[in-house]
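Below is one structure, written out as structure tokens, with a few remarks after it.
The values are calculated or read from the model by the stated rules, or taken from the named source; none is laboratory data. Given the structure is predicted, the values throughout are model-derived calculations rather than measurements. Because the Cβ atoms are built from the backbone with ideal geometry, glycine has one as well, and the counts that use them run over all protein chains shown. For accessibility, only protein heavy atoms count, side chains too; no ligands or nucleic acids. Shrake-Rupley method; radii C 1.70, N 1.55, O 1.52, S 1.80 Å.
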Amino acid sequence: MSGTELAEAGRLLAAARRPVVFTGAGMSAESGVPTFRDAQTGLWQRYDPRELATPAAFRTDPALVWGWYEARRHGVRRARPNPGHLAVAAIRARLPETVVITQNVDDLHERGGVPAPVRLHGSLFAPRCSACARPAPLPSDLPPPAGPPVQHAGPEPHAPAPPDGPLTPPACAGCGAPVRPGVVWFGEALPEAALSAAVEAASTCDLLLTVGTSALVHPAAEIPLVAARLGAPVVQVNPVPTPLDAICAVNVRGPAGEVLPALVRAAWPDAI
Ligand code: BV8
Ligand code: ZN
């Protein structure tokens, strides 16, 4: 990350009043949560995440898909917000009109101090019935996540080993149908309220910060384009180029956990 890009991005952030922070899997990479690009581990390395994250896969083999999501939920429970998540919360603390929009299904923004990010693709912590959509309780096999966010991102010391295989999903208490994860699968529509809140925020923001996304999954990938089309500067944080490079005022090449705290310091030297 070069000083000039950081200084320019800091200047844009300091001048903003209604920023949008738009995040993807790269935001949680330094917390140990694998991105969609990262190779899967264990049994799951045999599967393409895009195949497993579909209604068809759940219909064909609900235990395989439920097991995968439970393994991911365990992994997130063992993870902690990284300094990037804390910096996003610091931006929002400084600029209360900040809207955080995420594609991620982990809860690290909330645990990092952002109470209600706009969730475009759902959450690992909101299971519901696959037939009647009745909310279902989370399997209670895990200790609550430890206290306030901490600097290091190491795993939870005493959490039990994550399941690493098929797991029969619980039955709905209402109609008995299998419970499914509360995420948006490929081929499924995004939650109407979240999508319109995201488009609204991108349409009225005075800066959009896009962090850790390859911008390949739609319609989420269009959110930064909405902001750019309406004249808001777009700043990208990603170690590598993405399809968004061309619309960005500044591309800061580096990991979110390092760049975002430095960006906040560049914008507000007294902040952290
Ligand atoms: C729909 C939840 C229709 C589940 C997810 C237009 C064009 C082409 C295709 C389509 C189109 N419109 C629709 C489609 C089809 C499809 C789609 O986009 N396909 C893609 C693959 C081409 N979209 C859909 O199916 C959507 N639904 O269209 O429905 C419809 C409409 C009305 C009525 C009925 C139906 C639904 C899409 C949502 C799917 N669910 N997640 C789960 O998590 O299991 S998507 C999932 O994948 C994530 O949420 C995220 O969105 C995406 C992964 O992308 P990223 O987050 O960007 O992560 P990735 O790993 O790709 O990249 C990581 C980046 O971080 C990299 O750039 C890397 O360099 C960087 N990085 C790494 N480390 C760091 C870092 N950056 C910073 N710091 C670091 N340390
Ligand atoms: Zn039901």
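Give the longest segment of the chain that steers clear of GluC sites (Glu not before Pro) in DSSP loops with at most 15 neighbouring Cβ atoms within 10 Å, not counting the sites themselves. Working shown, then result.
Working: sites that count: GLU97, GLU188.
With a cap of 15 other Cβ atoms within 10 Å, the longest stretch comes to 1-96.
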Treating the angle as unsigned and between 0 and 90°, give the value, to the nearest 10°, between the Cα long axis of helix 62-78 and the longest Cα principal axis of the chain.
50 degrees
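Please work out the average accessible area per residue across the chain, using the 1.4 Å probe convention, and give it in Å². Intermediate results must be reported in sequence, preceding the final value.
Working: 11910 Å² over 272 residues.
Accessible area per residue, the chain: 44 Å².
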Which whole-Hz ³J(HN,Hα) couplings does the range 194-204 yield from phi under the Karplus relation 6.51 cos²θ - 1.76 cosθ + 1.60, θ = phi - 60°, glycine and proline marked x?
5, 4, 6, 5, 5, 5, 4, 5, 5, 6, 10
Between helix 3-15 and the chain: long-axis angle, C-alpha atoms, 0 to 90°, nearest 10
90 degrees
Would you please give the residues with an amide H less than 5 Å from that of VAL118, counting only those at least 5 places away or on a separate chain, with H modeled from the backbone geometry?
VAL100, ILE101, THR102
Could you tell me how many degrees, from 0 to 90 and to the nearest 10, lie between the Cα long axis of helix 256-267 and the main elongation axis, the longest principal axis, of the Cα atoms of the chain?
30 degrees
Non-local amide H neighbours of ARG128 (under 5 Å, H modeled in plane, Pro and chain starts lacking H): which ones?
ALA136, ARG180, GLY182
Using a basic spin-label model with each label point 7 Å from the Cα along Cα→Cβ, how many nm lie between THR168 and ARG134?
1.9 nm
With +1 on the Cβ of every Lys and Arg and -1 on the Cβ of every Asp and Glu, the dipole magnitude of the range 1-98 about its Cα centre, in debye rounded to the nearest 20, is 340 debye
Listed residue (ALA89, VAL65, ALA126) projecting farthest to the positive dipole end of the chain, Cβ model
ALA126
May I ask which residue of LEU208, PRO224, LEU260 lies farthest towards the positive end of the charge dipole of the range 185-272, with charges of +1 (Lys, Arg) and -1 (Asp, Glu) on Cβ and the Cα centre as origin?
LEU260
Segment ASP38-GLU192, length gained on full extension (0.36 nm per residue, minus Cα span):
52.5 nm
Note: the range 199-246 at 37 °C, 0.692 mPa s; Kirkwood Rh on alpha carbon pairs; Stokes-Einstein D in µm²/s works out to 305 µm²/s
Evaluate the distance, in nm, between pseudo-label points positioned 7 Å from the Cα of ALA116 and of LEU216 along their respective Cα→Cβ axes.
3.4 nm
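What FRET efficiency, computed as 1/(1 + (r/R0)^6) with R0 = 25 Å and r the Cβ-Cβ distance, is obtained for ARG59 and GLU200, rounded to the nearest 0.05?
Working: r = 34 Å, r/R0 = 1.36.
It comes to 0.15.
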Stretched fully, the stretch from ALA249 through ALA126 gains (0.36 nm per residue minus C-alpha distance, one decimal, in nm) 40.6 nm
Once a ≥ b ≥ c are taken as the square roots of the eigenvalues of the Cα gyration tensor of the chain, is the result rounded (a/c under 1.5), prolate (a/b larger than b/c) or oblate (a/b not larger than b/c)?
prolate
